[in-house]
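For reference, the structure discussed in these notes is given below.
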Amino acid sequence: MIEARDLTKQYGDKTAVHDLNFTVRPGIVTGFLGPNGAGKSTTMRMIIGLDAPTSGRVTVNGRQYRDHRAPLREVGAMLEARAIHTGRSARNHLLAMAATTGIGRRRVDEVIDLVGLHEVADRRAGQFSLGMGQRLGIASALLGDPATVMLDEPVNGLDPEGILWIRNLLKQLAAEGRTVFVSSHLMSEMALTADHLIVVGRGTLIRDVPVAEFIASASSNSVRVRTPDPSRLRALLTGEAVSVSSSTEGQLDVTGLSTDEIGLRAAAAGIALLELSPVQASLEQAFMELTADAVEYRTLSSSREEVAA
């Protein structure tokens with residue numbers, strides 16, 4: 001479990017993290033989201049003691065990282081996959097790490113096999129592709145068989161098979177009762193992997209909710225209807241406090257009526273329906289809507305669009 005209480009980090013007059021409070025619980029995959037400059041990396045660095053908080057406190061499994069006698073066995077972290085000696089082989093890199101905590105060679109072989117690096121384990125890490133380096137970083141995080149796993153952008157550089165592998169691995173780790181904390185900019189992947197989200201912007205907490213609740217909060221109360229007779233259905237549904245629009249031939253977007261109400265009216269009038277479904281935002285749409293005011297860096301085209309609006 002990871003617990004942050006009143007966590008604040010300042011660099012001179014720049015506040016990277018401000019009064020951050022959250023708990024990452026075991027047994028689920030928790031996604032850590034936020035725009036660039038939101039304070040995610042700084043927060044993760046403070047969790048494992050690479051940066052000291054200006055004020056506040058963060059603990060892993062009840063203790064600050066530095067107070068654990070064998071930190072690698074408590075929390076496995078990957079913040080920068082390529083932060084390795086490029087002249088060492090993958091195997092020797094892991095053996096060197098293992099030696100610091102009394103981890104045996106057998107565990108090194110296990111994680112090499114787990115991440116799919118068996119055939120290249122004796123190749124120098126400097127010759128690795130981005131995806132292979134990412135797998136080595138994940139192996140390093142899992143080396144101590146930790147109760148808490150924290151990964152920053154774990155799918156970066158992975159091919160589709162690798163992305164599916166890491167998705168299943170994270171779910172498996174959570175199912176084993178471990179605490180899994182993952183930062184990513186790939187909203188589509190987070191939607192498939194995470195159970196809970198912690199969203200930050202400009203160093204402060206924006207939301208701390210289950211994924212389904214996060215998406216539902218950004219979804220409109222409209223219903224998508226497809227029918228071979230859109231004109232009749234539009235006339236039937238349009239009324240006070242009900243709006244009907246159409247962006248595609250044969251499809252209506254209805255606001256102000258539930259799916260049940262629309263279905264019953266259509267059935268009574270003998271109008272066939274090909275689709276009747278609530279319109280739900282994607283995780284990406286929900287994220288963009290919620291963090292619109294917390295984006296630190298914008299493209300020139302986005303700024304012009306806002307001025308025009």
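Quick note: the coordinates plus some simple rules give every number you see, no bench work behind them. Predicted model only: the values in this text are computed from it and were never measured. Quick reminder, even Gly has a Cβ in these numbers, built from the backbone with ideal geometry, and neighbours come from all protein chains shown.
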*asked:* Tell me the relative contact order for the chain as a rounded percent, counting alpha carbon contacts under 8 Å between residues six or more apart.
replied: 21 percent
*Roughly what would the spin-label model give for residue 107 and residue 268, points 7 Å off Cα along C-beta, in nm?*
6.8 nm
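With charges only on Cβ, +1 for K and R and -1 for D and E, what is the dipole size of segment 220-278 about its Cα centre, in debye, rounded to 20?
On the way: 5 positive and 7 negative charges, 18 e Å.
Around 80 debye, computed over segment 220-278.
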_Debye, to nearest 20: dipole size of the chain, +1 on Lys, Arg Cβ, -1 on Asp, Glu Cβ_ = 1120 debye
_Range of Cα positions in segment 220-278 per principal axis (Å), largest first_ = 25, 23, 18
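Students often check this: by mean Cβ neighbours within 10 Å, which of 261-271, 153-163 ranks highest, and how do the rest follow?
Details: 261-271: 14.2, 153-163: 17.5.
The most tightly packed comes first, giving 153-163, 261-271.
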*For segment 142-224, take the alpha-carbon Rg, divide it by the Kirkwood Rh, and send me Rg/Rh.*
1.01
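Summing Lys, Arg as +1 and Asp, Glu as -1, what charge do residues with Cβ under 14 Å from the Cβ of residue 244 carry, residue 244 excluded? Present the calculation step by step, with values, prior to reporting the outcome.
Numbers: positive: 224, 226, 232, 234, 265; negative: 229, 240, 253, 261.
Combined, the nearby Lys, Arg, Asp and Glu give +1.
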_Around residue 51: net Lys/Arg minus Asp/Glu count, Cβ-Cβ under 9 Å_ = +2
*Looking only at Cα atoms, what is the convex hull volume of segment 82-236 per residue, in Å³?*
180 Å³
*Charge tally in the Cβ shell below 10 Å around residue 128, where Lys, Arg are +1 and Asp, Glu are -1, residue 128 excluded*: +4
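In deg cm²/dmol and to the nearest 500, what is the mean residue ellipticity at 222 nm of the chain if only DSSP H runs of at least 4 residues count, each as -39500 (n - 2.57), divided by the residue total?
Details: 12 runs with 112 residues, N = 309.
For the chain, the value works out to -10500 deg cm²/dmol.
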